[in-house]
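We did not get these values from a lab; they are worked out from the coordinates using the rules stated. Because the structure is predicted, anything quoted here is derived from the model rather than measured. Every residue, glycine among them, receives a Cβ derived from its backbone with ideal geometry; neighbour counts consider all protein chains shown.
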Amino acid sequence: MKTKTILPNRVKEICDERGISVRELSRLAKISSSEMGRIVSGKEQLTLKQTMTICGILNVNSYEIFDIKFPKKFTSGFDDVLLGSITIWLSEASSRFKVKLTKPEYTRWTTFIYKESLSQNLPAPKTQSLTTTVIKILEIAQKKK
């Protein structure tokens, strides 16, 4: 059986803070209640589309959903879709290549990839490729330990 690395999310906690039930969020986001239950319990990874939809409904940024801490200066005027995409791509690639990342590592690598993507004006497919390359390098490094 293939094990997946799932980036923990704060969907339930943010719903509670906003006074909205997970069931109502599920309805508004057009996500089945059973799938939303798996997402909230950490058994299923949010997709990029689900992340952006939930962010819009709850009026939060993607990094808040995943509880990734960035310096305020980093998140001022940033592209949340790009940041959310990188976060999801990191999670997918780390799961595919069985690379465990801590939250500080998610923050570090998301920040690095985001800055590189902007500085080199990379289109989304190239940014996703860079994300996968970073995870492949980390996989090699972890195997050498």
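Below, the figures for the structure above:
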| read-out | value |
| --- | --- |
| Rounded to whole Å, sorted largest first: equivalent-ellipsoid semi-axes of the range 47-88, Cα gyration tensor | 16, 11, 9 |
| Per-residue ³J(HN,Hα) for the range 34-40, Karplus 6.51 cos²θ - 1.76 cosθ + 1.60, θ = phi - 60°, Hz, x for Gly and Pro | 5, 5, 4, x, 5, 5, 5 |
| Relative contact order %, the range 11-144, counting alpha carbon pairs below 8 Å whose residues are six or more apart | 20 percent |
| Tilt relative to the chain, helix 124-144 - C-alpha long axis, 0 to 90 degrees, to 10 | 70 degrees |
| Order by protection proxy (mean Cβ within 10 Å, highest first), peptides 54-65, 132-143 | 54-65, 132-143 |
| GNM flexibility winner over the chain from 66, 78, 112 (Cα, springs under 10 Å) | 78 |
| Dipole magnitude of the chain, debye to nearest 20 (Cβ charges: Lys/Arg +1, Asp/Glu -1, about Cα centre) | 600 debye |
| Per-residue HN-Hα couplings for the range 43-52 [Karplus 6.51, -1.76, 1.60; θ = phi - 60°; Hz; x = Gly/Pro] | 8, 9, 7, 5, 7, 4, 4, 4, 4, 5 |
| Dimensions (Å) - the range 11-144, Cα atoms, principal axes, largest first | 43, 34, 24 |
| Among 50, 120, 128: highest mean-square fluctuation, GNM of the chain, C-alpha pairs under 10 Å | 120 |
| Highest-fluctuation residue, 46, 25, 90 considered, GNM on the chain with Cα pairs under 10 Å | 25 |
| Whole-Hz couplings from phi, Karplus 6.51/-1.76/1.60, listed for the range 78-90; x for Gly and Pro | 8, 9, 5, 5, 5, 4, x, 4, 4, 4, 5, 4, 4 |
